[in-house]
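Laboratory data are not the source of any read-out in this text; all were calculated from the coordinates shown. None of these values were measured; they are calculated from a predicted model. As a convention, Cβ positions derive from the backbone with ideal geometry for all residues, glycine included, and neighbour counts pool all protein chains shown.
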Amino acid sequence: MEKKLKVANIGMKFGMCHVEGAMNYGAEIAAICDCNEENLRFAGERYGFPEEKRVTDYMDIVNNDEINVVTVAIPDQQHKKVSCDLLRAGKNVLCEKPLALTREDIEEIIRAADESDAKFMVGQICRFTPAFEKAKEIIDSGAIGEIYFIESEYAHDYMKLCDEWRADPARHGVIGGGCHAIDLIRWLVGDPIEVFAYGTHKLLPMVDYDDATIAIMKFDENVAGKVFVSTGCKRDYTMRTCIYGTKGTIICDNTSPTMTLFTVDEEGVTKEPETIAVEVNNHNAAREFEVFADAILNNKPVATDAREGAKTVAVCLAIVESAKTGVPVKPDYNF
Ligand SMILES: NC(=O)c1ccc[n+]([C@@H]2O[C@H](COP(=O)([O-])OP(=O)(O)OC[C@H]3O[C@@H](n4cnc5c(N)ncnc54)[C@H](O)[C@@H]3O)[C@@H](O)[C@H]2O)c1
């Protein structure tokens, strides 16, 4: 069992959340890495890391035997190469979502994770968002009965966010951003067995893929679902999510300080809604790191391991394919 976590963080934009998550946990940060010197300097100064802890080449982390935990927050197209190099060097890896953009890359990460004794976690951060954690707790308590319908969405204006790697058609909005809502749905009600989708493209002139997609989903157990992804929307960021059960309904999102719970009286009639206060924390990297550290230190399984991250991308890929072909698609979970 590894007793002490020596952490390195790769990618100093969104990845600064991982630095903060690890620092909040009290782990030692042995190195930070970014191939862009300006971004590296900014993060180094922000957190007070001396020059000797700042590296521009992630191979310096791969080859550093002292480091045993690495977080990866670099463009999705590079997740496979960097994660596999780290896993093969025996590092525990927390890699950002989506796991990867192609089945080929996904399969290689799964192989590397299977062949390693180290832990691998995909950062499906919505599983640590307070409102969604609370929704999961309410569902598991049975308070809303059996779920018959779930809808979630990822609506986020990429007008200013759409840099080169996000404009890559392989990084379709359903995979890059929609994976949050799709992973949330999978976590709350399970794996859809079939999806059917329509897409439109009116908002992001710089991309070659649909910037809005709506998919309906069929699950086992008489459950249906829907996901809406818009990466050009003219509104503030939201992942509004409604979970409909036979005895109640939950309405929540990742950016509101409250969520709403409807339940029924003894006669099955809907009661006045309950408003539940929740912390707004849609990037709960502190909790995410804590869970990963616990898995490493106490040799526990990681809930969002490589296969779990792969299944979320499998649903995303099925949605993109359905919108393109106009026919329903069954996600391929065979990893
Ligand atoms: N969980 C979330 O809510 C969330 C939010 C934003 C981004 N992300 C994910 O985080 C990852 C990074 O996104 P971002 O917004 O920070 O992207 P970004 O392009 O803004 O920043 C990426 C950083 O990584 C650096 N980089 C690129 N390749 C590198 C390499 N090989 N070695 C070292 N540094 C390298 C770049 O110089 C840059 O500083 C992506 O996978 C993205 O999908 C997740």
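Normalised by the number of residues in segment 76-139, what is the relative contact order in percent for Cα pairs under 8 Å and 6+ residues apart?
The normalised contact order for segment 76-139 reaches 35 percent.
Could you name the aspartates and glutamates in cross-link range of residue 234, using Cα to Cα under 14 Å and dropping any fewer than eight places away on the same chain?
Leaving aside aspartates and glutamates fewer than 8 places away in the same chain, those within reach of residue 234 are 157, 211.
Full-extension gain between residue 332 and residue 36, please, as 0.36 nm times their residue separation minus the C-alpha to C-alpha distance.
That works out to 102.8 nm of additional length.
How much of the DSSP beta bridge set in the chain is antiparallel, as a percent to the nearest 5?
Close to 60 percent.
Between their Cα atoms, which of 136/300; 136/330; 202/226; 218/311; 218/330; 160/202 are more than 18 Å away from each other?
Where the Cα-Cα span goes over 18 Å, the pairs concerned are 136/300; 136/330; 202/226.
Multiply the residue gap between residue 247 and residue 324 by 0.36 nm, knock off their C-alpha separation, and tell me the result in nm, one decimal place.
Working it through step by step, the gained length comes to 24.0 nm.
Using Cα pairs under 8 angstrom and six or more residues apart, how large is the relative contact order of the chain, in percent?
20
Assigning unit charges at the beta carbon (Lys, Arg +1; Asp, Glu -1) and nothing else, what dipole magnitude in debye, to the nearest 20, does the chain show about its Cα centre?
240
Roughly what angle does helix 306-325 make with the longest principal axis of the chain, taking Cα atoms, 0 to 90 degrees, to the nearest 10?
Approximately 60 degrees, to the nearest ten.
How much length would be gained if the chain were fully extended between residue 236 and residue 272, taking 0.36 nm per residue of separation minus their Cα-Cα distance, in nm to one decimal?
My answer for the length gained is 10.1 nm.
First measure r as the distance between the Cβ atoms of residue 167 and residue 47, then evaluate 1/(1 + (r/R0)^6) with R0 = 22 Å and state the FRET efficiency to the nearest 0.05.
0.15
Determine, for 104, 308, the number of other Cβ atoms within 10 Å of each Cβ, and report the residues in order from fewest to most.
Lowest count first: 104, 308.
Around residue 308, under 12 Å between beta carbons, what's the net of Lys plus Arg minus Asp minus Glu among the other residues?
Here the charged neighbours net out to +2.
Could you give the angle, 0 to 90 degrees to the nearest 10, between helix 285-297's Cα long axis and the longest principal axis of the Cα atoms of the chain?
Computed tilt is about 70 degrees.
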